Amino acid sequence: MGPSRNAPCWCGSGKKLKRCHLDRARLVRPAVRIGAVRPERAVPEGIARPHYVLDGTVWPPPEAQVLSGEALERMRHACRVAAEVLAETVAAVGVGVTTDELDAVAHEAYVTRGAYPSTLGYHDYPKSICTSVNEVLCHGIPDDRPLQDGDIVNVDVTAFVDGMHGDTSATVGVGTIAPELAVLIDTTRDATLAGIANIRPGEPMQRVAEAVTSVAKDRGYGVVSEYGGHGIGEVFHADPHIHHTITSRDRAVAVPGLCLTVEPMLRTGAPRFTTADDGWTEVLDDGMPSAQFEHTVVVTGTGAEILTVLADGTSAVSPAGSVHAPAG
Ligand SMILES: [Zn+2]
C-alpha cells in the first residue's frame, strides 16, 4: 500500500495527495464507452499458427521456459518483432483514431514480418492486440471508439514467430494529457524497468515485486495484485507466475535462461475492478485510471536482459539509454 491519500503530496505542493497528484478531478476521464468490435482479421495461410488456434485447446501452464542456444535466438527474434509491432502501433495513436484502427496497424505489422498475433483466437479473443483506455485496467478489445484528447491507452502486443511468443506493452497519452496522468505513465514505466533491473539469478523472483512496489509507493499508487507476469517462450503463458506485489506464497527463483514477462499495472484509485459483458475488458470500479508497461526478458548470469527491443536497443516502452537493466 502507498501512503495515505491524506499524506502530503510527494511533489512538494504542500497539499494532500488526494488534493494534488491523486486528485480524482484531475485524473478521471469521461467513462469509456465500450464500442462495436469488427470481425477478426485474416492471417495469411503461410504464417504458422500457435497450437491453440489449430486445436482449440490451451495447455495448462507448463514448466518454466528456460531457453538457450538456437531456441533463445528464435526467442530474440520473436521479441524483436513484438517490439517493432508495438513501436509502429503506438506511433499511430492520435486524437480521433479508433482502437480498431490501431488493431489494423498492428495486424499488418505482424503479418508483414511473418508473425501471428498471439491473442487472435486465444480463448476466443477476437483481436490482434489489447487496447486499454483510461480506467480500463487491461484486456480492452479494440473497437470503434475514437481516442479522445487527454485519454491514455495501453497497447499490448504479442507476436508468435519462429515458434516463440514475444510479449510487450506500453501506455501512451493521446493528444495533450493532464500532468497527473503523465506522472502515472512515467512512474509505471520506471516501476517496470526497476522490477527488471532487480532480477538476480539464484534469488527470489519477488525481487521484481520489491522494486515495483517501492517505485509505485513513492507516488502513492497501488499495484494490481490480481494480474502478474508469466513465463513465456514456446508457450504464451507459462510458469512461473510473476507477482508484482509482495507475497509469501511466491517460491519462484530466477535461473539463467528463464524467459518471463514483467508487466505491472499501477492504479491511482481503489483496487476493485469488474469484467465487462464482453468477457474480457477489466474496468476499475471507481473509474480512476491505471497504466501498464511490459517487457519480455531473459534471466542472465548477472541479472536480466530485455528482449523486446528494436535493433538499436530502444523500444516504445523506454527511451534510448535506459533500456537495458544494469547487469550484476
Ligand atoms: Zn502533487
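Values in this text are rule-based calculations from the coordinates and carry no lab data. This structure is a prediction, so every number in the text was calculated from the model and none was measured. Quick reminder, even Gly has a Cβ in these numbers, built from the backbone with ideal geometry, and neighbours come from all protein chains shown.
Below is a table of values for the structure above.
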item	result
Ranked list, fewest to most other Cβ atoms within 10 Å of each Cβ, for TRP280, TRP59	TRP59, TRP280
Packing-based exposure ordering (other Cβ within 10 Å, fewest first) of MET164, MET288	MET288, MET164
Rounded to the nearest 20 debye, dipole of the chain from Cβ charges on Lys, Arg, Asp, Glu	1300
Estimated 222 nm signal from helices in the chain, with DSSP H stretches of n ≥ 4 weighted -39500 (n - 2.57), rounded to 500	-7500 deg cm²/dmol
Aspartates and glutamates with Cα under 17 Å of LYS16, excluding same-chain neighbours fewer than 8 positions away	GLU180, ASP218
Evaluated at q = 0.10 Å⁻¹: base-10 log I(q)/I(0), Debye formula over Cα of the stretch 54-178	-0.33
Trypsin sites (Lys or Arg not before Pro), loop per DSSP, at most 14 other Cβ atoms within 10 Å - longest free stretch of the chain	34-248
Karplus 3J(HN,Hα) series, Hz, for the stretch 118-123 with 6.51 cos²θ - 1.76 cosθ + 1.60 (x for Gly, Pro)	4, 6, 6, x, 7, 6
Protection proxy ranking of 226-235, 150-159, 166-175 - average other beta-carbon atoms within 10 Å, highest first	150-159, 166-175, 226-235
Cα centroid separation - the stretch 78-149 against the stretch 262-276, whole Å	20
Computed Kirkwood radius, in angstrom, where 1/r is averaged over Cα pairs of the stretch 138-284	16.4
Per residue Cα convex hull volume in Å³ - calculated over the chain	127
Binned Cα-Cα distances of the stretch 32-118, short to long, each 10 Å bin given as a whole percent	14, 35, 36, 14, 2
